Amino acid sequence: MAGGISPLERFLHRDQVLVAFGLAAVTLLSWGYLLTGAGMQMPSMSAPMETAQTPGWSPAQAVLMFIMWWVMMVAMMLPSAAPMILLFSSVAERSSRPGSTTLFVSGYFLIWGGFSVLATLMQWQLTQIGLLDGMRANSKMLAGLLLLVAGVYQLTPAKNACLKHCQSPLQFVTGHWRPGPRGALSMGLQHGGYCLGCCWALMALLFVGGVMNLAWIGGLAAYVLVEKLIPQWRYFGLVSACLLITAGAVLLGFPVS
């Protein structure tokens, strides 16, 4: 119709709002799952979570732990990935491929699903050797090493390179654009890889503060959000690195001036 907007055009114009609501809904549902205990309050989960002498987890318990980790990663990382997802959705819409956003997000989630598998295996192994009480490090050596590694990694070129990709959605989209559904999935995997490269050491700190410590989870999520969305805070990473290294050194018994 001349001079007017068709219903389809009006719907596409609202696409960004729909994507934003979808991201908010997934984030809220993920946090709701964590707030209700993520299944950890079940009697069958209590024993292996509380003692390092357990012979192992049952398959059902291992799956539940994996789901807990994956949902926790979604709750923590999705808010900081929202600007990238919204920008991708906008570009995909203009390319007449609005459904590609689902594939992009799926690729992103798959990367953190892979991390969740590794985190679950690490949690199980550390529990078996007595360095973890199931949810939190009971060894000053382990906690100190994790803090030290996280602090040192904050200062590495790899961290800086991955963080730049996460802080610059437009640069990522223009530099990594791939057409079609396969391209959308590939871009989601790539962005998830950069995000994982940026944050894996910080996520390992969950073993220090407690895997289901909601205050610790919220603090790490807030830090990641600020780190990615406010790149103007040039010394934010340096300060955090110094604090983490100092805390790790103290726990390991190194002299700290």
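Classified by the C-alpha gyration tensor, the range 49-207 has an oblate form. Its axis ratio a/c, with a ≥ b ≥ c, is 1.5 or above, and a/b does not exceed b/c.
Residue ranges 143-149, 30-36 sort as 143-149, 30-36 when ordered by packing (mean number of other C-beta atoms within 10 Å per residue, highest first).
The dipole here belongs to the range 7-252: it is taken about the Cα centre, uses +1 on the Cβ of Lys and Arg and -1 on the Cβ of Asp and Glu, and is about 520 debye. Bridgeable lysines around Lys228 (alpha carbons under 27 Å apart, same-chain partners fewer than 8 residues away excluded): Lys159, Lys164. When both the range 79-140 and the range 154-181 are represented by their alpha-carbon centers, they are found 16 Å apart. Couplings 3J(HN,Hα) of the range 62-72, computed from phi: 5, 5, 5, 5, 4, 4, 4, 4, 5, 5, 5 Hz, in residue order, whole Hz [Karplus 6.51 cos²θ - 1.76 cosθ + 1.60, θ = phi - 60°; x for Gly and Pro]. Using the Cα centre of the range 7-252 as origin and beta-carbon charges of +1 (Lys, Arg) and -1 (Asp, Glu), tell me which of Gly209, Val63, Leu110 is placed farthest towards the positive end of the dipole. The one lying farthest along the dipole's positive direction is Leu110. Is the range 129-239 best put as rounded, prolate or oblate by its Cα gyration tensor, with a ≥ b ≥ c the root eigenvalues, rounded for a/c under 1.5, and otherwise prolate when a/b is larger than b/c, oblate when not? Taking the square roots of the gyration eigenvalues as a ≥ b ≥ c, the range 129-239 is prolate.
Values quoted throughout were computed directly from the atomic coordinates according to the rules given, and no laboratory measurement underlies them. Remember, it's a predicted structure, so these values are computed and weren't measured experimentally. Positions of Cβ are backbone-derived with ideal geometry, glycine not excepted, and every protein chain shown enters the neighbour counts.
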